[in-house]
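To keep things clear, I will list the structure first and then write my remarks on it.
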Amino acid sequence: MTPGEMIRIWVDAFNRADSDALASLYAEDATNHQVAEDPVQGREAIRDMFATGFDTTDMTCIVENLFEDGEWGILEWRDPRGLRGCGFFRVIDDRIVFQRGYWDKLTFLRLQGR
(Lines give C-alpha, C1' and ligand atoms only; values in the text may rest on other atoms or scores of the structure.)
Protein backbone atom coordinates (compact mmCIF):
# COMPACT_ATOMS: atom_id res chain seq x y z
CA MET A 1 0.00 0.00 0.00
CA THR A 2 1.35 3.43 -0.88
CA PRO A 3 1.47 6.22 1.70
CA GLY A 4 -1.23 8.06 -0.25
CA GLU A 5 -3.54 5.04 -0.16
CA MET A 6 -2.91 4.68 3.58
CA ILE A 7 -3.70 8.34 4.20
CA ARG A 8 -6.99 8.07 2.28
CA ILE A 9 -7.99 5.10 4.47
CA TRP A 10 -6.84 7.03 7.56
CA VAL A 11 -8.98 10.08 6.60
CA ASP A 12 -12.03 7.87 6.07
CA ALA A 13 -11.62 6.25 9.52
CA PHE A 14 -10.93 9.65 11.12
CA ASN A 15 -14.09 11.14 9.63
CA ARG A 16 -16.11 8.20 10.99
CA ALA A 17 -14.53 8.87 14.43
CA ASP A 18 -13.45 5.22 14.44
CA SER A 19 -10.53 5.00 16.86
CA ASP A 20 -10.27 1.20 16.50
CA ALA A 21 -10.00 1.41 12.71
CA LEU A 22 -7.42 4.17 13.02
CA ALA A 23 -5.35 2.20 15.53
CA SER A 24 -5.32 -0.80 13.20
CA LEU A 25 -3.42 1.29 10.64
CA TYR A 26 -0.45 1.82 12.97
CA ALA A 27 2.48 -0.47 13.70
CA GLU A 28 2.50 -1.88 17.22
CA ASP A 29 5.35 0.47 18.26
CA ALA A 30 4.32 3.49 16.14
CA THR A 31 4.69 7.08 17.27
CA ASN A 32 2.10 9.79 16.70
CA HIS A 33 3.41 13.25 17.51
CA GLN A 34 0.98 16.11 17.18
CA VAL A 35 3.40 18.96 17.81
CA ALA A 36 0.95 20.81 20.04
CA GLU A 37 0.95 17.73 22.32
CA ASP A 38 3.43 15.22 23.72
CA PRO A 39 4.31 12.29 21.43
CA VAL A 40 2.14 9.18 21.84
CA GLN A 41 3.93 5.83 21.58
CA GLY A 42 2.32 2.50 20.70
CA ARG A 43 -0.84 1.38 18.91
CA GLU A 44 -3.01 1.16 22.05
CA ALA A 45 -1.97 4.58 23.30
CA ILE A 46 -2.68 6.03 19.84
CA ARG A 47 -6.13 4.39 19.88
CA ASP A 48 -6.80 5.91 23.31
CA MET A 49 -5.65 9.35 22.08
CA PHE A 50 -8.14 9.21 19.19
CA ALA A 51 -10.95 7.81 21.38
CA THR A 52 -10.51 10.63 23.90
CA GLY A 53 -10.41 13.23 21.13
CA PHE A 54 -13.55 11.90 19.46
CA ASP A 55 -15.37 11.74 22.81
CA THR A 56 -14.75 15.42 23.50
CA THR A 57 -14.53 17.09 20.08
CA ASP A 58 -16.32 17.03 16.74
CA MET A 59 -13.51 16.72 14.17
CA THR A 60 -13.57 16.46 10.38
CA CYS A 61 -10.60 16.17 8.03
CA ILE A 62 -10.99 17.57 4.52
CA VAL A 63 -8.09 16.71 2.22
CA GLU A 64 -6.65 19.73 0.44
CA ASN A 65 -3.43 18.20 -0.89
CA LEU A 66 -1.80 14.81 -0.70
CA PHE A 67 1.83 14.20 -1.63
CA GLU A 68 4.00 11.09 -1.63
CA ASP A 69 7.74 10.53 -1.61
CA GLY A 70 8.97 6.98 -1.02
CA GLU A 71 7.82 5.82 2.44
CA TRP A 72 6.35 9.23 3.24
CA GLY A 73 2.94 10.75 2.65
CA ILE A 74 2.10 14.37 3.38
CA LEU A 75 -1.47 15.44 4.02
CA GLU A 76 -2.49 19.09 3.90
CA TRP A 77 -5.95 19.37 5.48
CA ARG A 78 -8.63 21.71 6.75
CA ASP A 79 -11.79 21.31 8.75
CA PRO A 80 -15.18 22.93 8.10
CA ARG A 81 -14.62 25.54 10.84
CA GLY A 82 -11.40 26.89 9.31
CA LEU A 83 -8.65 25.05 11.16
CA ARG A 84 -5.83 24.01 8.85
CA GLY A 85 -2.85 21.77 9.28
CA CYS A 86 -0.62 19.16 7.75
CA GLY A 87 0.50 15.69 8.67
CA PHE A 88 3.52 13.62 7.75
CA PHE A 89 3.05 9.85 7.68
CA ARG A 90 5.84 7.28 7.32
CA VAL A 91 4.40 4.00 6.05
CA ILE A 92 6.37 0.74 6.11
CA ASP A 93 4.91 -2.71 5.41
CA ASP A 94 1.37 -1.33 5.15
CA ARG A 95 1.45 0.28 8.61
CA ILE A 96 2.00 3.83 9.82
CA VAL A 97 5.21 3.74 11.84
CA PHE A 98 5.46 7.49 12.44
CA GLN A 99 3.10 10.42 12.17
CA ARG A 100 3.70 14.08 12.92
CA GLY A 101 0.96 16.68 12.71
CA TYR A 102 1.18 20.46 12.66
CA TRP A 103 -1.83 22.61 13.58
CA ASP A 104 -2.54 25.63 15.78
CA LYS A 105 -3.80 24.51 19.17
CA LEU A 106 -5.05 27.96 20.18
CA THR A 107 -7.19 28.20 17.03
CA PHE A 108 -8.45 24.64 17.65
CA LEU A 109 -9.49 25.49 21.22
CA ARG A 110 -11.18 28.74 20.17
CA LEU A 111 -13.13 26.97 17.41
CA GLN A 112 -14.26 24.39 19.98
CA GLY A 113 -15.47 27.15 22.32
CA ARG A 114 -12.89 26.43 24.99
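The values are calculated or read from the model by the stated rules, or taken from the named source; none is laboratory data. This one's a predicted model, so the numbers in the text were calculated from it and none came from an experiment. Glycine also receives a Cβ, built like all others from the backbone with ideal geometry; neighbour counts cover every protein chain displayed.
Here are a few things to note about the model shown:
- Within region 51-75, considering residues that are touching a Phe, Trp or Tyr at 6+ places or on another chain (Cβ under 8 Å) and without any contact (Cβ under 8 Å) to a residue 40 or more places away in the chain, the one farthest from G113 (Cα to Cα): I74
- Of everything in region 29-60 that is at pLDDT below 95 and in contact with a strand residue (DSSP E or B) (Cβ under 6 Å, 6 or more places away or on another chain), the residue that is surrounded by the fewest Cβ atoms within 10 Å (Cβ to Cβ) is V35.
- There is at least one residue in region 1-22 that is modelled with pLDDT under 95 and not hydroxyl-bearing (S, T, Y).
- D29 acidic (D, E) and more than 30 Å from G113 (Cβ to Cβ): yes
- Single residue of F108, F98, F89 found to be part of a helix (DSSP H, G or I), in contact (Cβ under 8 Å) with a residue 60 or more places away in the chain and not small (G, A, S): F108
- Number of the exception - G42 against (1) within 19 Å of G85 (Cβ to Cβ); (2) touching an Asp or Glu at 6+ places or on another chain (Cβ under 7 Å); (3) in contact (Cβ under 8 Å) with a residue 12 or more places away in the chain: (1)
- Matching residues, region 15-28, being without any contact (Cβ under 8 Å) to a residue 60 or more places away in the chain and either surrounded by fewer than 20 Cβ atoms within 10 Å (Cβ to Cβ) or among the acidic types (D, E) (or both): N15, R16, A17, D18, D20, A21, S24, E28
- Looking across region 64-81 at every residue that is over 12 Å from the mean Cα position of the chain (by Cα) and of a type in the set (A, V, I, L, M, F, W, C), the one that is nearest to A13 (Cα to Cα) is identified as L66.
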